[in-house]
Amino acid sequence: LIRLDSGGMSLLTKMEIIFKDRQQGKPIQGDIPAQYQRMPDKYYFRLQDGSLERITSMKKVLQWLPDRKKEMEEFVKEHKISAKNTEELIAFTQYYNSLE
């Protein structure tokens, strides 16, 4: 895991790469060689209690933050935070850590 931001809540990411075996192609095209393919990164939050939670949606993330839920909901709506965008998740984490 790679730490993207730290504080009361840390944002972590995990890069995922898969290996695709060689595939037989059509007679005219030829075979498709084996290759590595990068999958979308997976993001995690580490909370103050040390638990590590995978980010799948912002609704679930907001459930993990009962102490600042209302403020964070407003921030998500105002800035249209996506659970798949690195920069937006970093901004979300920095805002949460600034509230403490």
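The values are calculated or read from the model by the stated rules, or taken from the named source; none is laboratory data. Just so it is clear, the model here is predicted, and its values are computed rather than measured. In this analysis, Cβ positions are derived from the backbone assuming ideal geometry, glycine residues included, and neighbour counts consider all displayed protein chains. Areas reflect the complete protein model, heavy atoms only, side chains present, ligands, DNA and RNA absent. Shrake-Rupley method; radii C 1.70, N 1.55, O 1.52, S 1.80 Å.
Brief remarks on what is shown
- Checking each residue in region 46-56 for being open to solvent by 100 Å² or more (accessible area, probe 1.4 Å) and either in contact (Cβ under 8 Å) with a residue 12 or more places away in the chain or under 18 Å from Ser82 (Cα atoms) (or both) picks out Gln48, Arg54.
- Restricting attention to region 40-57, the residues that are of a type outside the set (D, E, K, R) and over 10 Å from the mean Cα position of the chain (by Cα) add up to 5.
- If you go through region 49-89 and keep only what is of a type in the set (Ser, Thr, Tyr), at pLDDT 85 or above and in a loop (DSSP other than H, G, I, E, B), you end up with Thr56, Ser57, Ser82.
- Pairing residues of region 11-29 that are farther than 30 Å from Leu1 by Cα with residues that are open to solvent by less than 100 Å² (accessible area, probe 1.4 Å) and in a strand (DSSP E or B), at Cβ distances under 9 Å and at least 6 apart in sequence or on separate chains, gives Gln23/Ile32; Gln24/Ile32; Gly25/Ile32.
- Of all residues making up region 47-74, the number that are hydrophobic (A, V, I, L, M, F, W, C) and either over 13 Å from Met9 (Cβ atoms) or touching a Lys or Arg at 6+ places or on another chain (Cβ under 7 Å) (or both): 3
- Contacts under 6 angstrom Cβ, first residue in region 81-100 being under 12 Å from Gly8 (Cα atoms), partner part of a helix (DSSP H, G or I), 6 or more apart: Tyr95/Phe75; Leu99/Arg68
- Of the candidates Lys59, Lys69, Lys77, the single residue that is in contact with a Leu (Cβ under 7 Å, 6 or more places away or on another chain), surrounded by fewer than 13 Cβ atoms within 10 Å (Cβ to Cβ) and either in contact (Cβ under 8 Å) with a residue 24 or more places away in the chain or closer than 21 Å to Leu99 by Cα (or both) is Lys69.
- Residues in region 7-29 include at least one that is small (Gly, Ala, Ser), in a loop (DSSP other than H, G, I, E, B) and within 20 Å of Gln94 (Cβ to Cβ).
- Filtered residues of region 33-45 (kept if of a type in the set (D, E, K, R) and loosely packed, with under 12 Cβ neighbours inside 10 Å): Arg38
- Scanning region 21-45 for residues that are closer than 29 Å to Ser82 by Cα and of a type outside the set (Asp, Glu) returns Tyr36, Gln37, Arg38, Met39, Pro40, Lys42, Tyr43, Tyr44, Phe45.
- Condition check for Phe19: at pLDDT 85 or above and either in contact with a Pro (Cβ under 6 Å, 6 or more places away or on another chain) or farther than 22 Å from Leu65 by Cα (or both): yes
- Restricting attention to region 7-32 and to residues that are charged (D, E, K, R) and within 31 Å of the chain's Cα centre (by Cα), the residue that is least open to solvent (accessible area, probe 1.4 Å) turns out to be Glu16.
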